[in-house]
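J.: Would you mind keeping the following structure in view while I ask a few things?
The values are calculated or read from the model by the stated rules, or taken from the named source; none is laboratory data. Every value quoted in this text rests on a predicted model; they were computed, and no experiment measured them. Note that we place each Cβ from the backbone using ideal geometry, even for glycine, and neighbour counts take in every protein chain shown. These area figures cover heavy atoms from the full protein model, side chains too; ligands, DNA and RNA do not enter into them. Shrake-Rupley method; radii C 1.70, N 1.55, O 1.52, S 1.80 Å.
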Amino acid sequence: MKKDLRSLTFEELQKVIEEIGEKKYRGEQIYSWIHKKYASSLEDMTNISLKTRQKLSEDYELEEMTVEQLQVSQIDGTRKYLFKLPDGNLIESVLMHYNHGDSICISSQAGCNMGCRFCASTIGGKVRDLTTGEMLNQIYRIMSDTGRRISNLVVMGTGEPLDNYDNLVRFIRMLSDERGVGLSQRNITVSTCGIIPNMRKLSDEKFQITLALSLHASCQEEREQLLPVSRKYKMDEVIQACDEYFLKTGRRITYEYAMVDGVNCSPEDADRLAKLFAHRNCHINLIPLNPISESSFKGPRRRDALDFCRRLNDRGINATIRRSMGQDIDGACGQLRRRWKEGDGSC
Ligand code: SAH
């Protein structure tokens, strides 16, 4: 099987180019075609000779995905892409417009094994990890489509990024590399449900990214109801791993908290959370649950969500309710991919 050129780092590509007997600067040109001009195929590389391209294509290719569906919100211009990979797998990526610029949310796996009870992405389990090239290409295809550079990137689509650790780390290095997009690591956020050993590894990578932790509960019992992974990685240990991450990197943790009516957003929950985070420098991002048809969990009423947030703020906690984007186009992550797979392409 041919290897995908888009996953190769600058140094790896240089090596391949030298191996096929070409000059080093050809490697620079090809890297730039892929990571600065977002080429879709070797044929796009017009200043590279046909002979060189042919030699390269003996063992390598530039894999491409197609847009299976694109939904555009009439409310705020959010664009939700459903991409089809060469092996037929479907993945979702979303572009959101904010005052400070465009933000893209990408997937890190096809499917997911984490089993969170309210999440559509995990229902069929994990099919496979995405390669570094496939993660990068979600961004490249969207930027080519809009003609605009992004200012923020979040790894919050389908999949658990820390369950695809090596490809994720390579992805962060390549995305922030000046020889490619050169996106500042401070504008990259990686969200995890709390895979402790890999959170520790990540804290040693010397990245300036933001780590977001999907907390979703104010105590261990509650968290177990929503996140099966918390039976293995206990809530207090996960928070401790977050503290260590902050200490090592100086980067403040974002805690994500999906508010689930009748489960985790009572006044008692707010008080427990306030106590837990009283002496921690962090931000809590409250997300009213986006209901999915496969579970009976609902989001809270608007007034209850506001009360919950205010109760946290009154106790000195830095919490905000996340603005919901693309309300009219199938908000919840993984829903588009799932409906499409079931053969109901009507969404
Ligand atoms: N696996 C990673 C990243 C992908 S999910 C993680 O768990 O963090 C990104 C975020 O969306 C997580 O906080 C996840 O819990 C949340 N999420 C998933 N389904 C949701 C839904 N239906 N409503 C609100 N948030 C949801």
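J.: Does the range 110-125 contain any residue that is free of Cβ contacts under 8 Å to residues at least 40 places away in the same chain and in contact with a His (Cβ under 8 Å, 6 or more places away or on another chain)?
T.: The answer is no; no qualifying residue exists.
J.: Still on this model: Residue by residue through the range 272-293, note down the ones that are within 16 Å of the ligand (Cβ to nearest atom) and closer than 17 Å to His216 by Cβ.
T.: Applying the first criterion (within 16 Å of the ligand (Cβ to nearest atom)) to the range 272-293 yields 273, 282-293.
Once the filter is applied, which keeps residues that are within 16 Å of the ligand (Cβ to nearest atom) and closer than 17 Å to His216 by Cβ, the range 272-293 yields Leu273, Cys282, His283, Ile284, Asn285, Leu286, Ile287, Pro288, Leu289, Asn290, Pro291, Ile292.
J.: Can you name the number of the only condition in (1) in a strand (DSSP E or B); (2) open to solvent by less than 30 Å² (accessible area, probe 1.4 Å) that Tyr140 fails?
T.: For Tyr140, the failing item is (1).
J.: Arg26 passes all but one of (1) in a helix (DSSP H, G or I); (2) closer than 17 Å to Glu63 by Cα; (3) open to solvent by 20 Å² or more (accessible area, probe 1.4 Å); which number fails?
T.: Answer for Arg26: the failing condition is (2).
J.: Going by the structure shown, is Tyr38 touching a residue at least 40 places away in the same chain (Cβ under 8 Å), in a loop (DSSP other than H, G, I, E, B) and among the hydroxyl-bearing types (Ser, Thr, Tyr)?
T.: Taking the combined requirement at face value, the residue satisfies it.
J.: Related question: Looking only at the range 158-165, decide whether some residue is within 30 Å of Gly27 (Cα to Cα) and not hydroxyl-bearing (Ser, Thr, Tyr).
T.: yes
J.: Then there's this: Can you name the condition, by its number, that Met135 falls short on among (1) assigned to a strand (DSSP E or B); (2) hydrophobic (A, V, I, L, M, F, W, C); (3) open to solvent by less than 20 Å² (accessible area, probe 1.4 Å)?
T.: Answer for Met135: the failing condition is (1).
Conditions tested, residue by residue: (1) crowded, with 21+ Cβ neighbours inside 10 Å; (2) of a type in the set (A, V, I, L, M, F, W, C); (3) touching a Lys or Arg at 6+ places or on another chain (Cβ under 6 Å).
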residue: Cys119; (1), (2), (3): yes, yes, no
residue: Gly124; (1), (2), (3): no, no, no
residue: Asn164; (1), (2), (3): yes, no, no
residue: Leu175; (1), (2), (3): yes, yes, no
residue: Gly182; (1), (2), (3): no, no, no
residue: Ile188; (1), (2), (3): no, yes, no
residue: Gln208; (1), (2), (3): no, no, yes
residue: Ser214; (1), (2), (3): yes, no, no
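J.: Then there's this: Which residues, counting only those in the range 95-109, are in contact with a Lys or Arg (Cβ under 6 Å, 6 or more places away or on another chain) and away from the ligand (no atom under 11 Å from the Cβ)?
T.: Passing the criteria: Leu95, Asp102.
J.: Mind checking which residues of the range 110-131 are more than 17 Å from Ser93 (Cβ to Cβ) and either within 13 Å of the ligand (Cβ to nearest atom) or in contact with a Phe, Trp or Tyr (Cβ under 8 Å, 6 or more places away or on another chain) (or both)?
T.: Asn113, Met114, Gly115, Cys116, Arg117, Phe118, Thr122, Ile123, Lys126, listed by residue number.
J.: Out of the residues in the range 41-66 that are open to solvent by 80 Å² or more (accessible area, probe 1.4 Å) and assigned to a loop (DSSP other than H, G, I, E, B), state the one that is nearest to Ser144 (Cα to Cα).
T.: Top of the filtered list is Thr46.
J.: If only one of Asp243, Asp236, Asp269, Asp261 is touching a residue at least 40 places away in the same chain (Cβ under 8 Å) and either open to solvent by 30 Å² or more (accessible area, probe 1.4 Å) or within 14 Å of the ligand (Cβ to nearest atom) (or both), which one is it? Let's see the steps before the verdict.
T.: Values: Asp243 fails: touching a residue at least 40 places away in the same chain (Cβ under 8 Å); Asp236 fails: touching a residue at least 40 places away in the same chain (Cβ under 8 Å); Asp269 fails: either open to solvent by 30 Å² or more (accessible area, probe 1.4 Å) or within 14 Å of the ligand (Cβ to nearest atom) (or both).
Answer to the selection: Asp261.
J.: Let me ask something else. Please work out which residue is farthest from Arg186 (Cα to Cα), limiting yourself to the range 146-158 and to residues that are open to solvent by 20 Å² or more (accessible area, probe 1.4 Å) and touching a residue at least 40 places away in the same chain (Cβ under 8 Å).
T.: Filtering first and then ranking leaves Thr146.
J.: Can you pull out every residue in the range 67-115 that is in a loop (DSSP other than H, G, I, E, B), closer than 17 Å to Glu134 by Cα and in contact with a Leu (Cβ under 9 Å, 6 or more places away or on another chain)?
T.: Hits for the range 67-115 are Leu85, Asn89, Ile106, Ser107, Ser108.
J.: I'd like to check something: does the range 220-234 contain any residue that is within 13 Å of the chain's Cα centre (by Cα) and within 23 Å of Ile287 (Cα to Cα)?
T.: no
J.: Any chance the range 80-94 includes a residue that's more than 29 Å from Lys3 (Cα to Cα), without any contact (Cβ under 8 Å) to a residue 24 or more places away in the chain, within 18 Å of the chain's Cα centre (by Cα) and open to solvent by 20 Å² or more (accessible area, probe 1.4 Å)?
T.: From the range 80-94, those more than 29 Å from Lys3 (Cα to Cα) are none; that's our starting set.
Looking through the range 80-94, none of the residues is more than 29 Å from Lys3 (Cα to Cα), without any contact (Cβ under 8 Å) to a residue 24 or more places away in the chain, within 18 Å of the chain's Cα centre (by Cα) and open to solvent by 20 Å² or more (accessible area, probe 1.4 Å).
J.: For Ser203, only one of the following conditions fails: (1) open to solvent by less than 10 Å² (accessible area, probe 1.4 Å); (2) within 27 Å of Lys248 (Cα to Cα). What is its number?
T.: (1)
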